[in-house]
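First up is the structure itself, then whatever we jot down about it.
Every number here is computed from the coordinates shown, using simple stated rules; none is lab data. Note that this is a predicted model, so its numbers are computed, not measured. Glycine gets a Cβ as well: all are built from the backbone with ideal geometry, and neighbour counts include every protein chain shown.
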Amino acid sequence: MSVRRRFYARPLLATATSIAVLTGLAASTAPAVATPAAATALDDTYYQDAVGKTGAALKSSLHTIISDQTTLTYAQVWDALKATDEDPANPSNVILLYTGRSQSKNDNGGNTGDWNREHVWAKSHGNFGTSTGPGTDIHHLRPEDVQVNSVRGNKDFDNGGSAVSGAPGNYTDGDSFEPRDAVKGDVARMILYMAVRYEGDDAFADLEPNDKVSNGSAPNIGRLSVLKEWSQEDPPDSFERKRNDVIFEQFQHNRNPFIDHPEWVEAIW
Ligand SMILES: [Ca+2]
Ligand SMILES: [Ca+2]
């Protein structure tokens, strides 16, 4: 556990408890997921160096803040996803990103019908593979059906194409993939998290979005203009917010700033 994490975690919990007491709520009924009160507390603690900034200065501050994290091995990602993507209606299951299917946590693997670990920032875009780093960063790793994961492959994101078999609402063509409406914003915010987190100052490439759909192995993902639209159209919901909290509290101890502050997408891009 890092020094920074201890500093941030305790005031946040203390503040949430104080607010619960002040407002007359019993501590035992205080919500476990992000609330407006918790978001305010984050601005006073976790995001204190970023609040009030814009453009490159905001991106630089957020990079420093979110780079202080615990890292996972690729094997540890399996159990992490069983927690971060748990079906709120069935704790034995996870929800798959593109298909939206609720499926047993124990069905993870590589066979037809199993779920596996989808890299939303395709790992060939920057060639970071599955060694500890961007390839094991669960902010952009999601459970997905093995075959649908294969259809998405390393395509960039854009609107249009033909319906994806077994994944209602998803479309694909030769060079791009369009996820279902309910996760369009999630996809955008995962891509933009990766762009801020990975700036080329460690052993990995500087990941950046652009407006192309032919990026190949370049450390880029498109299309930025479409991702910005998706972020607007599909704002963070309770599932996405809780996922961010679980990653922060139980696994990596860093946050996706664009889930807490969706307006920072426009402030930077
Ligand atoms: Ca969503
Ligand atoms: Ca970057």
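Structure notes:
- Over the chain: helical MRE at 222 nm, DSSP H runs n ≥ 4 each giving -39500 (n - 2.57), nearest 500: -11000 deg cm²/dmol
- Every pair of different Cα atoms in region 188-230 enters the Kirkwood calculation, which places the hydrodynamic radius at 10.5 Å.
- Region 173-269: radius of gyration over Cα atoms, expressed as a fraction of 2.2 N^0.38 Å: 1.09
- Gaussian network model of the chain, Cα within-10 Å springs - most flexible of PHE204, PHE258, PHE177: PHE204
- The modelled label-to-label distance for the pair ALA57/ASP175, using points 7 Å beyond Cα in the direction of Cβ, is 3.8 nm.
- When only Cα pairs below 8 angstrom with a gap of at least 6 residues are kept, the chain shows a relative contact order of 19 percent.
- Note on the chain: GNM, Cα springs under 10 Å; of THR172, THR130, THR112, the largest mean-square fluctuation is that of THR112.
- Dipole axis of region 55-268 (+1 Lys, Arg; -1 Asp, Glu on Cβ), positive-most option in ILE259, ASN93, SER176: ASN93
- 16 Å reach of a label modelled at THR112, 7 Å along Cα-to-Cβ, counting backbone N of region 150-167: 150-151, 165-167
- For the chain, the number of Lys pairs separated by eight or more positions or lying on different chains, with C-alpha atoms closer than 24 Å, is 25.
- Within the listed set ALA57, ALA205, ALA80, the Gaussian network model of the chain (springs between alpha-carbon atoms below 10 Å) gives the highest mean-square fluctuation for ALA57.
- Distance in nm between pseudo-label sites at GLN250 and ASN127 (7 Å out along the Cβ direction from Cα): 3.6 nm
- Cα pair distances in region 35-192, grouped into 10 Å bins until the bin that holds the longest one, percent each: 10, 33, 34, 19, 3
- For the chain, the Kirkwood hydrodynamic radius comes to 19.0 Å, computed from all pairs of different C-alpha atoms.
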